Amino acid sequence: QVQLVESGGGLVQPGGSLGLSCAASGRTFRNYAMGWFRQAPGKEREFVAFISWSGGDIDYADSVKGRFTISRDNTKNTLYLQMNSLKPEDTAVYYCVTDNSAVRLTTTPLPRYWGQGTQVTVSS
């Protein structure tokens, strides 16, 4: 079955940077779109970023545009999220997600497959 394992979370000061990785297994990684969601304490899960199977189509939530960069390496079955200029409101558990489409990732309903999540805390 599909397995997604995130890594790279931690504590960072406001204005700092952090990089997340997601190792995928269980099916042909390069055939499917991938994305990142996050969930802050007391809030619902929200979309962060999306990347199509080839990396040719990318989208971001307005709240992270210009600060976050999503990428993928189909030779390593790995998804990445580079986060710069971090703010306290970026504090959340970050999830790697995927579904059964090469070019689309829905927010309603939520994607089918999720990793276990990695905590990102932005605080001084």
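The values are calculated or read from the model by the stated rules, or taken from the named source; none is laboratory data. Computed from a predicted structure; not experimentally measured. Note: ideal-geometry Cβ built from the backbone for every residue, glycine included; neighbour counts use all protein chains shown. Just the protein is used for accessible areas: all its heavy atoms, side chains included, with ligands, DNA and RNA removed. Shrake-Rupley method; radii C 1.70, N 1.55, O 1.52, S 1.80 Å.
Across segment 20-75, Cα-Cα pairs farther apart than 15 Å form 52% of the total.
Extending 7 Å from the Cα toward the beta-carbon at both T106 and S7 defines two label points whose distance is 3.3 nm.
Radius of gyration (Cα atoms) of the chain, expressed as a multiple of 2.2 N^0.38 Å: 0.98.
Orientation-averaged projection of segment 80-124 equals 4.1 nm² [convex hull of Cα atoms, one quarter of hull surface area]. For the chain, the solvent-accessible area of protein heavy atoms averages 51 Å² per residue (probe radius 1.4 Å; ligands and nucleic acids excluded).
The apolar share of the surface of segment 23-120, taken as the fraction of accessible area on carbon and sulfur atoms (1.4 Å probe, ligands and nucleic acids excluded), comes to 46 percent.
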